[in-house]
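S.K.: Here it is, the structure in full.
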Amino acid sequence: MENVRDRKNESVSCGQDDGILARSMESADWMEQVRNLNTEHVLKTGKVRTYRLDVFGCQMNERDAETIAGMLTNMGYERVSPDQPADIIVFVTCCVRENAEERIYSHIGALSHECLKNGSFIVASGCMMQQPHVTEKIKKSFRHVKVVFGTHNIHEFPRLLCQYLTSGKRVLEVWEKEGRIIEDMPIKRRCRHKAWVNIVFGCNNFCAYCIVPYVRGRERSRKKEDVLAEIRALAADGCREVTLLGQNVNSYGNDLGVKDLFARLLYDIEEIDGIDRVRFTTSHPKDLSDSLIRAMKECKKVCEHLHLPFQAGSNRVLERMNRKYTREHYLDLVDRIRDAVPDIALTTDIIVGFPGETEEDFEDTLDLVRRVRFDSAFTFIYSPRKGTLAEKWEQTAPHEVISRRFKRLVEVQTEIATQLASKYEGKTVEVLVDGPSKTNPDMQSGRTRTGKLVNFRAEGDLTGQMLDVKIIRAGAFWLEGREVKRRG
Ligand code: SAH
Ligand code: SF4
Ligand code: F3S
């Protein structure tokens, strides 16, 4: 393999703040070099080089994609829409379930002809690239992938790209371990009125089924001052809603040795003028504290929506999953949250068919769904992941049985979601408009504070506006409304 370097553990040895500063300056130098190459290209051909982004997985990847887009813009590339040819096609990948990985391989494979025809190439990044067997497969089978990096060395992308452009040799570098947090990387956000803000990277929980701690490293919290400075700058730029991101936001600050920092952060954001809405994801039930519940009640900007994955309703399965709470604890939490914030919308994640799940265990999951009555749920069939605790655990239920359980769960949940949504009919709700609806461009679409998708007919583009919308029809997945008043 040409020019393959694997800089294992390098980030660990570079822990000083001035080291970090040096690295971001180094990154600026590499960006300048690529920018110069692109300026030469424009002068010679009259054409600007382009990129497109294909992002898979969760909000962490969406946020990382904004950093990658920021770097590419800085280096003189222009973004094109997904259906247009581009010089660079960047994949930000996810490996949380096998079908995510398969989809990515097939997308990458399908592009070999386009790359050959147009002289373009693929950059592959994200969680999937943290797994050595994946980079091996890419090396062998996908020769149109020219640059590879992982979740821990995004800041190195300009150097890796520059090396490929100047040498013509493929560059694959993935750091095995996480480094210290690097602030001030370039960013090109997907929209102005709302923003994702990282607060804690990585995960320490090692749920038995989950690959995330292996590909995102251990928990590292950003300093509260850095988070607040970012949100103040966003507000000054017209942002109205922030979503705070972490695999487990409830453990924000633990690694800094500060207790209850997440609740304190919410109180501080409450004081920032211009921000109207605060959301966060994800909360782990084992760490959701009384002080957080109090903050959710007292901070008026914190939206009435909580995503609280429960994964399984049976204590036996929860224990085997290493989730460290019981169904009783979860139900008690839900009661306490609803006491504090009565109209809160609750959403969740559920896994069906975890190894050893019996019919009785599954009935416990259905029972919990019926008791809590979630506004919506992401439901998944268990997918074994290489290197996780549960990878080799025996699957006792046949595939057909698991599919049947999954179908039943979806039916029960959809019925509950439809019943809950019907309560919106006739009500007027506050909607922050995201822009034209993806499925029907004649309609505008936005979200309520409770996270419900609302589509409504309106003249012109209302992106970023806060409106009162009267709901005329409600379904499990979206509401249809009519604009009644603009709030500004
Ligand atoms: N940090 C978040 C979510 C991480 S992954 C949390 O703790 O809730 C998002 C969801 O994917 C998980 O909540 C879980 O429901 C699901 N998931 C993770 N690994 C999975 C696997 N191996 N098979 C099926 N679903 C999985
Ligand atoms: Fe995965 Fe569990 Fe960490 Fe969530 S808390 S990312 S499910 S290991
Ligand atoms: Fe996927 Fe990585 Fe998120 S594995 S779910 S993109 S943290």
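S.K.: Can you sort Phe280, Phe456, Phe206 from fewest to most other Cβ atoms within 10 Å of each residue's own Cβ?
M.R.: Lowest count first: Phe206, Phe456, Phe280.
S.K.: Taking 25 Å as R0, compute the FRET efficiency from the Cβ-Cβ separation of Lys386 and His329 and round it to 0.05.
M.R.: 0.20
S.K.: Using only the C-alpha atoms of the chain, find the volume of their convex hull and express it per residue in Å³.
M.R.: 158 Å³
S.K.: Given a cut-off of under 8 Å on Cα pairs at least six residues apart, what relative contact order in percent is computed for the stretch 111-232?
M.R.: Relative contact order comes out at 21 percent.
S.K.: Ok, one more. Could you size up the charge dipole of the chain around its Cα centre, putting +1 on the beta carbon of Lys and Arg and -1 on that of Asp and Glu, and report it in debye to the nearest 20?
M.R.: About 700 debye.
S.K.: Related question: On a full-extension model of 0.36 nm per residue, what is the gain between Gln395 and Val42, subtracting their alpha-carbon distance, rounded to one decimal in nm?
M.R.: Value of the extension gain: 121.4 nm.
S.K.: For a 27 Å ceiling on Cα separation, which of these pairs sit above it: Lys188/Lys301; Lys177/Lys223; Lys224/Lys386; Lys188/Lys259; Lys117/Lys438; Lys301/Lys427?
M.R.: Lys224/Lys386; Lys188/Lys259; Lys117/Lys438
S.K.: With just the Cα atoms of the stretch 66-154, tell me how far they stretch along each of the three principal axes, in Å, largest first.
M.R.: Answer, in whole Å and largest first: 33, 29, 20 Å.
S.K.: Separate question: Cα extents of the stretch 400-477 along the three principal axes, largest first, in whole Å?
M.R.: Ordered largest first, the stretch 400-477 gives principal extents of 49, 24, 18 Å.
S.K.: Just round it to a whole percent: the fraction of Cα-Cα distances in the stretch 5-173 exceeding 29 Å.
M.R.: 16 percent
S.K.: Right, something else. Between the stretch 289-308 and the stretch 135-194, how many Å separate their Cα centres?
M.R.: Value for the Cα centre distance between the two parts: 36 Å.
S.K.: Nearest 5 is fine: what % of DSSP beta bridges in the chain come out antiparallel, could you say?
M.R.: That works out to approximately 35 percent antiparallel.
S.K.: Moving on to the next point. If you stretched the chain out fully between Asp367 and Glu304, how much longer would it get, using 0.36 nm times the residue separation minus the C-alpha to C-alpha distance?
M.R.: Gain in length upon complete extension: 20.3 nm.
S.K.: Let me ask something additional. Pop a pseudo-label 7 angstrom from the Cα along the beta-carbon direction at both Asn118 and Arg487 and give the gap in nm to one decimal.
M.R.: Those two pseudo-labels are separated by 4.1 nm.
S.K.: Per residue, what volume in Å³ does the convex hull of the Cα atoms of the stretch 339-488 enclose?
M.R.: Cα convex hull per residue, to the nearest whole number: 158 Å³.
S.K.: Of the listed peptides 75-81, 87-93, what is their order by residue-averaged count of other C-beta atoms within 10 Å, with the highest listed first?
M.R.: Result, highest mean Cβ count within 10 Å first: 87-93, 75-81.
S.K.: I need Phe157, Phe380 ordered by Cβ neighbour count within 10 Å, fewest first.
M.R.: The order, fewest Cβ neighbours first, is Phe380, Phe157.
S.K.: Taking the chain as the reference, fit the longest principal axis to its C-alpha atoms, fit the long axis of helix 359-372 to the helix C-alpha atoms, and give the angle between the two in degrees, 0 to 90, nearest 10.
M.R.: Tilt relative to the chain: about 80 degrees.
S.K.: Please give the calculated 222 nm ellipticity per residue for the chain, where each DSSP H segment of at least 4 residues contributes -39500 (n - 2.57) and the sum is spread over every residue; nearest 500 deg cm²/dmol?
M.R.: Mean residue ellipticity, 222 nm, calculated: -11500 deg cm²/dmol.
S.K.: If amide H atoms are built 1.01 Å from N in the plane of the peptide, which residues on other chains or at least 5 residues away come under 5 Å of the amide H of Gly356?
M.R.: For Gly356, the qualifying residues are Thr396, Ala397.
S.K.: Further, regarding this structure: Could the peptides 56-69, 394-407 be put in order, highest first, of the mean number of other beta-carbon atoms found within 10 Å of their residues?
M.R.: Final packing ranking: 56-69, 394-407.
S.K.: Taking the chain as the reference, fit the longest principal axis to its C-alpha atoms, fit the long axis of helix 98-110 to the helix C-alpha atoms, and give the angle between the two in degrees, 0 to 90, nearest 10.
M.R.: 40 degrees
S.K.: Need one number: nm distance between label points at Asp273 and Arg294, each 7 Å from Cα along Cα→Cβ, rounded to one decimal.
M.R.: Each label point is offset 7 Å from its Cα along the Cβ direction, giving 2.9 nm.
S.K.: So what's the angle, to the nearest 10 degrees on a 0 to 90 scale, between helix 132-141 and the longest Cα principal axis of the chain?
M.R.: 50 degrees
Just so you know, all these numbers are worked out from the coordinates, no wet-lab data involved. Since we're looking at a predicted model, the values are computed, not measured. Positions of Cβ are generated from backbone atoms using ideal geometry, with glycine treated the same way; all protein chains shown enter the neighbour counts.
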